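Worksheet: the structure to be examined is printed underneath.
The values are calculated or read from the model by the stated rules, or taken from the named source; none is laboratory data. As the structure is a computational prediction, the values presented were derived from the model and not from experiment. Neighbour counts are summed over all protein chains in view; Cβ atoms, including those assigned to glycine, are modelled from backbone coordinates with ideal geometry.
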Amino acid sequence: MSTLVDKIVQAIRDDIYSGSLTPGEPLKQVELANRYGVSPIPLREALQRLQVEGLVEYFAYRGAIVARTRKSEAADIADIRNALEILAFRIAMPSLDDDQLARLATLTAELESPQAADAAFFMVKIFDYYAVLLAKANRPLLLEMIQTNLKRAIRYYAEVVRQLEGAPMLGPSRHEYLEALRARDMARLETLVESRHAAYVKFIAEHFDD
């Protein structure tokens, strides 16, 4: 069951993803308390949790701001995610069964749908995707590392989606990943993941600042 703090975290996170709260914007606790209809104590805890996720920065004498986007951070997050994703596919592939592939097919369709332009929707579905992928691999720490990386990655995903302005997402689609998984073709899958990663990193280099 979600706690009040969970709900505040989600509300602020959604506003950051949507651009309602912009990078560098001051997060004044009185204004936020009025905005979300909450008291200061759970709000402070929510902001601390968002700081751990990399969505909020704190400065002495200035307080909290929405974390600024940085090209170097986006590239680091993308590099780490690329390595973790390839590792997850390599570990999961030998034990994947038909039920997992069917569930991955459903999630793939959702991740490639127009709804996935909404970062909050994408976050839920991509968490589910890796949970299903690794369901039989018995690698809980790997899944936790992927989820931690994703929490930092999603705001950059949201910014990329905004800048693409309705254009197709970068690189190969997850439908191609699915076909490689069904064929148990790890070499093909790794090529696809690397290609998507390269397209994303190139976009970051061209459209983000430090």
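Look through the range 93-108, keep the residues that are in contact with a helix residue (DSSP H, G or I) (Cβ under 8 Å, 6 or more places away or on another chain) and surrounded by fewer than 19 Cβ atoms within 10 Å (Cβ to Cβ), and return whichever of them is farthest from residue 185 (Cα to Cα).
Result: 103.
Restricting attention to the range 162-175, which residues are of a type outside the set (Gly, Ala, Ser) and at pLDDT 85 or above?
Start the filter on the range 162-175 by keeping residues that are of a type outside the set (Gly, Ala, Ser), which leaves 162-165, 168-170, 172, 174-175.
Listed by number, the residues that qualify are 172, 174, 175.
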Residue under question is residue 158, and the condition is that it be small (Gly, Ala, Ser) and buried (at least 18 other Cβ atoms within 10 Å of the Cβ); does it hold?
yes
For the range 161-189, name all the residues that are in contact (Cβ under 8 Å) with a residue 24 or more places away in the chain, surrounded by fewer than 17 Cβ atoms within 10 Å (Cβ to Cβ) and assigned to a helix (DSSP H, G or I).
162, 163, 175, 182, 186
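Okay, residues lined up against (1) without any contact (Cβ under 8 Å) to a residue 40 or more places away in the chain; (2) of a type outside the set (Gly, Ala, Ser); (3) in contact with a His (Cβ under 8 Å, 6 or more places away or on another chain):
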{"site": "24", "(1), (2), (3)": "no, no, no"}
{"site": "28", "(1), (2), (3)": "yes, yes, no"}
{"site": "35", "(1), (2), (3)": "yes, yes, no"}
{"site": "44", "(1), (2), (3)": "yes, yes, no"}
{"site": "63", "(1), (2), (3)": "yes, no, no"}
{"site": "67", "(1), (2), (3)": "no, no, no"}
Do we have residue 47 as outside the structural domain of residue 192 (by TED's automatic domain parsing), of a type outside the set (Val, Ile, Thr) and in a helix (DSSP H, G or I) here?
yes
Spot the failing condition for residue 124; the list is (1) under 13 Å from the mean Cα position of the chain (by Cα); (2) surrounded by 14 or more Cβ atoms within 10 Å (Cβ to Cβ), and only one is missed.
(2)
Check whether at least one residue in the range 131-150 is under 17 Å from the mean Cα position of the chain (by Cα), at pLDDT 95 or above and acidic (Asp, Glu), and report yes or no.
yes
Would you say residue 90 is assigned to a loop (DSSP other than H, G, I, E, B) and surrounded by fewer than 17 Cβ atoms within 10 Å (Cβ to Cβ)?
no
Name the residues in the range 109-123 that are in contact with a helix residue (DSSP H, G or I) (Cβ under 9 Å, 6 or more places away or on another chain) and assigned to a helix (DSSP H, G or I), would you?
109, 110, 111, 115, 116, 117, 119, 120, 121, 122, 123
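Part of a helix (DSSP H, G or I), without any contact (Cβ under 8 Å) to a residue 40 or more places away in the chain and among the aliphatic types (A, V, I, L, M), is that true of residue 154?
Criteria not met by residue 154.
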Taking the conditions exactly as written (assigned by TED's automatic domain parsing to the domain that holds residue 184, at pLDDT below 90 and either closer than 23 Å to residue 205 by Cα or among the acidic types (Asp, Glu) (or both)), does residue 83 satisfy them or not?
no
